[in-house]
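What follows is one structure encoded as structure tokens, with my remarks underneath.
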Amino acid sequence: MITKFKKALVLAPHTDDGKLGAGSAISKLIETGTQVSYAAFSTAEESVPETKWV
């Protein structure tokens, strides 16, 4: 049944939640040619180092 999808949207409250909670399903979807989009709702400000743009 998972092979019938053309597109999938993964919604996650934090940057790693989608991968931890649905990583195998995401992997299977990608393997079967599904276009997977991933949206995380956390800015992860405290865990991502500050970047200086030039």
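Please treat every number below as a calculation from the coordinates, not as lab data. This structure is a prediction, so every number in the text was calculated from the model and none was measured. Backbone-built Cβ (ideal geometry, glycine too); neighbour counts: all protein chains shown.
Quick look at the numbers
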| read-out | value |
| --- | --- |
| Nearest-0.05 FRET efficiency for residue 50 and residue 22, computed from C-beta distance (R0 35 Å) | 0.70 |
| Amide H partners (placed H, <5 Å) of residue 15, local residues excluded | 42 |
| Candidate lysines for bridging to residue 52, where Cα separation is under 30 Å - those fewer than 8 sequence places away on the same chain excluded | 19 |
| Nearest 10 degrees, 0 to 90: helix 17-31 Cα axis against the chain principal axis | 40 |
| Estimated dipole of the chain in Debye, rounded to 20 [Cβ of Lys and Arg +1, of Asp and Glu -1, Cα centre] | 460 |
| Those trypsin sites (Lys or Arg not before Pro) in the range 3-43 that DSSP places in a loop and that have at most 16 other beta carbons within 10 Å | 6 |
| For the chain, with +1 on Lys and Arg beta carbons and -1 on Asp and Glu, the positive-most of 23, 44, 5 along the dipole | 5 |
| Convex hull projection area averaged over all views, the chain, Cα basis, nm² | 5.0 |
| Partners for residue 4 among aspartates and glutamates (Cα-Cα distance below 19 Å; same-chain residues under 8 apart left out) | 31 |
| Estimated distance in nm for a label pair at residue 5 and residue 40, the labels positioned 7 Å out from Cα along Cα-to-Cβ | 1.9 |
| Partner lysines for residue 6 [C-alpha distance under 17 Å; skip if fewer than 8 residues away on the same chain] | 28 |
| Percent RCO, i.e. relative contact order, over the chain, from Cα pairs under 8 Å lying at least 6 residues apart | 46 |
